[in-house]
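Engineer: Take this structure, written in structure tokens, and hold onto it; I'll ask about it next.
The values are calculated or read from the model by the stated rules, or taken from the named source; none is laboratory data. Quantities reported herein were computed from a predicted structural model and do not represent experimental measurements. In this analysis, Cβ positions are derived from the backbone assuming ideal geometry, glycine residues included, and neighbour counts consider all displayed protein chains.
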Amino acid sequence: GANLNQRLSLHAEFHTCSRPGCNKPADYCQVHHLIPWQAGGFTNIKNLTFLCAYHNGINDDDPSRPTGRGYMYRLNTGVSFIPPWGAPITAMPEYQ
């Protein structure tokens with residue numbers, strides 16, 4: 001999991017759950033790997049964000065078992081929500 005320094009850095013960038021429309025304070029959120037740890041995602045700042053327990057639970061982490069509810073991904077503009085009708089996660093370079 002994320003260490004204390006990583007959590008503090010995340011707090012500087014995110015004050016709430018990263019999912020659009022959710023205002024759950026970051027203090028009550030879970031650290032989420034944007035590229036899943038099980039898929040080789042690193043535990044570093046570029047690959048981490050805060051999600052509340054609900055949004056962390058419904059995030060499409062496993063491309064072989066998608067929830068159909070979309071997922072979070074870091075784009076050039078920052079962490080963004082990719083809706084289920086967006087580009088499939090397996091099309092991302094990290095999965096090639």
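Engineer: Does residue 34 fit the bill of being within 18 Å of residue 1 (Cα to Cα) and either modelled with pLDDT of 95 or more or basic (Lys, Arg) (or both)?
Structural biologist: No, not satisfied.
Engineer: Looking only at region 1-40, which residues are closer than 17 Å to residue 70 by Cα and among the hydroxyl-bearing types (Ser, Thr, Tyr)?
Structural biologist: Hit for region 1-40 is 18, nothing else.
Engineer: Which condition from (1) of a type in the set (Gly, Ala, Ser); (2) free of Cβ contacts under 8 Å to residues at least 40 places away in the same chain; (3) touching a strand residue (DSSP E or B) at 6+ places or on another chain (Cβ under 9 Å) is the one that residue 64 breaks?
Structural biologist: Result: residue 64 fails condition (3) only.
Engineer: So, one more: Looking only at region 15-42, count every residue that is over 11 Å from residue 72 (Cβ atoms), in contact (Cβ under 8 Å) with a residue 40 or more places away in the chain and either touching a Cys at 6+ places or on another chain (Cβ under 9 Å) or not in a helix (DSSP H, G or I) (or both) and tell me the total.
Structural biologist: Residues that pass the stated criteria total 2.
Engineer: Of everything in region 43-96 that's part of a helix (DSSP H, G or I) and at pLDDT below 90, which residue is surrounded by the fewest Cβ atoms within 10 Å (Cβ to Cβ)?
Structural biologist: The qualifying residue surrounded by the fewest Cβ atoms within 10 Å (Cβ to Cβ) is 93.
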